[in-house]
Amino acid sequence: MTGTPDLASIATRIAEYLAGQWRSGPVEVTHIEQVFGGASRETFRFKAATSKGQVGLILRRDPPTSLIDTERRLEYGAYKAMFPTDIPVPEPLFLEEDPVWLGQPFSVMAEITDARTDVASLNAEQRARIGQQKWRLLGKLAVMDPIALGFGEFTPVPALDSTARTELDYWAGVIDADQVHPQPIASAAIRWLRRNMPPPAQKLSIVHGDYRTGNFLFDPSDGIKGILDWEMCHLGDPLEDLAWSLDPLWSWGESHLAGRLLPPDEAIGIWEAESGLKVDRETFNWWRVFVAIKALAIWISSSEDFEQGASHDAILAYAGWVMTDRQNRILLDYLSPLSKSELGGRVG
Amino acid sequence: MIPNTATALKLLARRIMSRLVPDARSTYAMSDGAMVTMLVSAMAEELESGIDKRIQDIEAMRQIFQLARAVPDPRLRQQMAELLIRDIKPLTLTSVCRIHDDCTKVLIRLHEISEAQGDSGAELSNAIWRYLELHAARHALKI
């Protein structure tokens, strides 16, 4: 995505679009602003007013590439499937794939107001409460029936004994394709993962794919109001989401708290209690190394996007340089026989 | 000629942060500007010491190649022999990166072989892990 978006033009076009969808008279769009963060799509917040009142909406517009068609429908499908359940998500309203409106496909969702994603200013009691809810919700998600919720209509349904290999093959392939420089730590980690494949998943679950602090909206008093960013959602082993949520990257500098909220063992206990599933430590170690490789693949891909010109967003460079550095150090902690960290020797 | 390029970049980053970002018209632009400032500072650091760090890496990988002279892969032995004598010139970041990448590709292959050798490959494997730890520490970003 290059160039500054023309907010006035977007406001005019989206107002026309909504008027056509709602068929309740003219629509006025005001207070439109671009939301910073996330490089896969442009995100805008705005108010839409009709004769019936005013609502806050979120618009997400695709970048100029055809490569993420599947992701777009998958993400929207996930929101549609999850909205009626106990898992709080923003209400999905429209998915528009005709580029005539805004130059690229886009989706519109209801805005969740009076909520934020940043936990930095929470006190200890608030962190504990939000953290407990975070992992309870993840445990609940782990045991939902994805087929009954319609996931089989828009995402592949893997066999229980192929979930790990499917994911590993995919993300190892991303590293192969996108690495700007050779990656010795990633290569060692992938070899370790292939030598130590885990047993089949206990259950085929809905895997959010990016379940972490920063991807849910909350109010310190009311708790979690919406889980965001379902674009990497897929069906697989629920341990993948649990491992991702506990990756040290999300609590960099505060390693005693997973996601800056709860001690990791407490988070795991809450997840087990809510889901009824058990976390076998050896199997879980595999998923911890895997999610570090998955994350590394995403950061390496960001670097490649930035360098090859698909987008010059600073956040891509930040992810590609800073996150790659940190994720490599996490993998060293897990796998190096010389690691002196508290994680060293627990894996590998 | 810019007399002190890395210092100049750091000063410009500071100017972006203190003068331009506060005047940005939107919170998006302010956040974007702050991130650009961080990255420019990181680039100043890279300009200052990127070549030296990579030369240290190359020298360390060459020592590992000496250790691995008897590896049972003639093509790999040939590649290592060439990398041991290749001149690290010109001393530009691009040129040094190229040699660094070539050495790293060989290192990856050596690591794979050492793992397959089990106990007999332990010395080489540990040497490579030691290198990877030092490499990560040497290149750790301070932002």
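The values are calculated or read from the model by the stated rules, or taken from the named source; none is laboratory data. Computed from a predicted structure; not experimentally measured. Don't worry about glycine lacking a Cβ; one is built from the backbone with ideal geometry, like all the others, and counts go over all protein chains shown. The accessibility values were calculated without ligands, DNA or RNA, using every heavy atom of the protein model including side chains. Shrake-Rupley method; radii C 1.70, N 1.55, O 1.52, S 1.80 Å.
Only one entry of B:H135, B:H111 meets the criterion of being assigned to a helix (DSSP H, G or I), touching a Phe, Trp or Tyr at 6+ places or on another chain (Cβ under 9 Å), within 14 Å of chain A (Cβ to nearest Cβ) and closer than 29 Å to A:R326 by Cβ, and that entry is B:H111. Residue pairs whose Cβ atoms lie under 9 Å apart, separated by 6 or more positions or on different chains, with the first residue in region B:13-37 and over 17 Å from A:E42 (Cβ atoms) and free of Cβ contacts under 8 Å to residues at least 40 places away in the same chain and the second part of a helix (DSSP H, G or I) and of a type in the set (F, W, Y), do not occur.
Table: residues versus (1) under 16 Å from the mean Cα position of the chain (by Cα); (2) modelled with pLDDT under 95; (3) in a loop (DSSP other than H, G, I, E, B).
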site: A:G37; (1), (2), (3): yes, yes, yes
site: A:R45; (1), (2), (3): no, no, no
site: A:I87; (1), (2), (3): yes, no, yes
site: A:F94; (1), (2), (3): no, no, no
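Filtering region A:120-150 to residues that are in contact with a strand residue (DSSP E or B) (Cβ under 8 Å, 6 or more places away or on another chain), of a type in the set (A, V, I, L, M, F, W, C), open to solvent by less than 40 Å² (accessible area, probe 1.4 Å) and assigned to a loop (DSSP other than H, G, I, E, B) leaves only A:M144. Within region B:87-99, residues that are within 14 Å of another protein chain (Cβ to nearest Cβ) reach partners that are among the charged types (D, E, K, R) and not in a loop (DSSP other than H, G, I, E, B) with beta carbons closer than 6 Å, at six or more positions or on different chains, in the pairs B:V96/B:R54. Note on region A:162-201: residues that are within 14 Å of chain B (Cβ to nearest Cβ) and not in a helix (DSSP H, G or I) amount to 6.
Can you confirm whether region B:7-23 contains a residue that is more than 30 Å from A:T4 (Cβ to Cβ), open to solvent by less than 50 Å² (accessible area, probe 1.4 Å) and away from every other protein chain (no Cβ under 13 Å)? No.
Condition test on B:A70, is it over 21 Å from A:S336 (Cα atoms) and out of contact with any Phe, Trp or Tyr (no Cβ under 8 Å at 6 or more places or on another chain)? Criteria met by B:A70.
Go through the residues of region A:151-161 one by one and say whether even a single one is within 14 Å of chain B (Cβ to nearest Cβ) and open to solvent by less than 70 Å² (accessible area, probe 1.4 Å). Checked region A:151-161: no residue is within 14 Å of chain B (Cβ to nearest Cβ) and open to solvent by less than 70 Å² (accessible area, probe 1.4 Å).
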